[in-house]
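Visitor: Once you've had a glance at the structure underneath, I'll fire off some questions.
The values are calculated or read from the model by the stated rules, or taken from the named source; none is laboratory data. Worth saying up front: this structure is predicted, and the values here are computed from it rather than measured. For neighbour counting, all protein chains shown are included, and Cβ atoms are generated from backbone atoms with ideal geometry for every residue, glycine included.
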C-alpha cells in the first residue's frame, strides 16, 4: 500500500489546461484535480475563470491568440504538461457556413497552437497533448472503422476546407514537436450548448 502511495506522489504534476472552462476542459480539470494534480487553467473571461476556480484549479484569464501573453503565462505557471483543449464553439449554430462558424476555433488551432508550442519549448515542457477531431475527416476508402494510419480526406467539401486545414495544421505541428494528438468523435450534452439547438432542429445527426 505504501508503494502505491509513493507511486502516486511521483506522478503528480502541474498541468496547464488551455480552454479549461469549456465543455471538455472542465471535465479534464476535474479529473486531474481528483487524481491529485495541480492545475492552472485558462479562461476567456472573469465569469469562466470563476468556473475554473470552483473546480479547484488556479484560473488565468488569457487570450490564446496573444503570443506574448501566452508566453508569459506558461513561463509563470511552470507546468510539467500542457493540454490544449481550446475551441470557440459555445454558440455554434450556422453549420451551413461551416468555416465561418469555425473561424475562431481554426485560429485557436493554428495561431493558438503555435503560441502554446513556442511557450512550451521555452519553458522546457516535455508533455503536450492537444485535442483534434476524427469524425468526417477520413478519406472515403477502406472499411468503416478507421485508425490513425488511415488517410485523411484530401478533398473535403468546400464549406469545410479551412476547418480541415486547421486541424491538419494542429495535428502536424503538435506531433512534429513530440506531442500527442487526441482525435475526438462527436459529442453533445448539456454543457455543449453549441450543438444542442442544431440537434433539436434536425440540422445535426446523432449517431448511436
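Visitor: Taking residue 195 as meeting all but one of (1) at negative phi; (2) in a loop (DSSP other than H, G, I, E, B); (3) modelled with pLDDT under 85, write down the number of the exception.
Guide: Residue 195 satisfies every listed condition except (2).
Visitor: Name the pairs whose Cβ atoms lie under 9 Å apart, with the first residue in region 50-71 and at negative phi and without any contact (Cβ under 8 Å) to a residue 12 or more places away in the chain, the second surrounded by 16 or more Cβ atoms within 10 Å (Cβ to Cβ) and part of a loop (DSSP other than H, G, I, E, B), and 6 or more positions between them or separate chains?
Guide: Listed pairs, sorted by first residue: 50/21; 69/62.
Visitor: Could you identify the single residue in 105, 113, 87, 163 that is crowded, with 16+ Cβ neighbours inside 10 Å and closer than 17 Å to residue 71 by Cα?
Guide: Every option except 113 fails the conditions.
Visitor: When residues of region 151-171 are filtered for being closer than 27 Å to residue 23 by Cβ and assigned to a loop (DSSP other than H, G, I, E, B), how many remain?
Guide: So the count comes out to 3.
Visitor: From the set of residues in region 27-69 that are closer than 18 Å to residue 108 by Cα and part of a helix (DSSP H, G or I), which is farthest from the chain's Cα centre (by Cα)? Steps first, answer last, please.
Guide: Start the filter on region 27-69 by keeping residues that are closer than 18 Å to residue 108 by Cα, which leaves 41-45, 48, 60-69.
Among the residues that remain, those that are also part of a helix (DSSP H, G or I) are: 48, 67-69.
Working: 48: 16, 67: 17, 68: 20, 69: 18 Å.
Restricting to residues being closer than 18 Å to residue 108 by Cα and part of a helix (DSSP H, G or I), the top hit is 68.
Visitor: Somewhere in region 111-123, is a residue part of a strand (DSSP E or B) and either over 14 Å from the mean Cα position of the chain (by Cα) or under 19 Å from residue 27 (Cβ atoms) (or both)?
Guide: No, the conditions are met nowhere in region 111-123.
Visitor: Further, regarding this structure: If I go through region 79-105 residue by residue, how many of them are assigned to a loop (DSSP other than H, G, I, E, B) and over 20 Å from residue 30 (Cα atoms)?
Guide: 7
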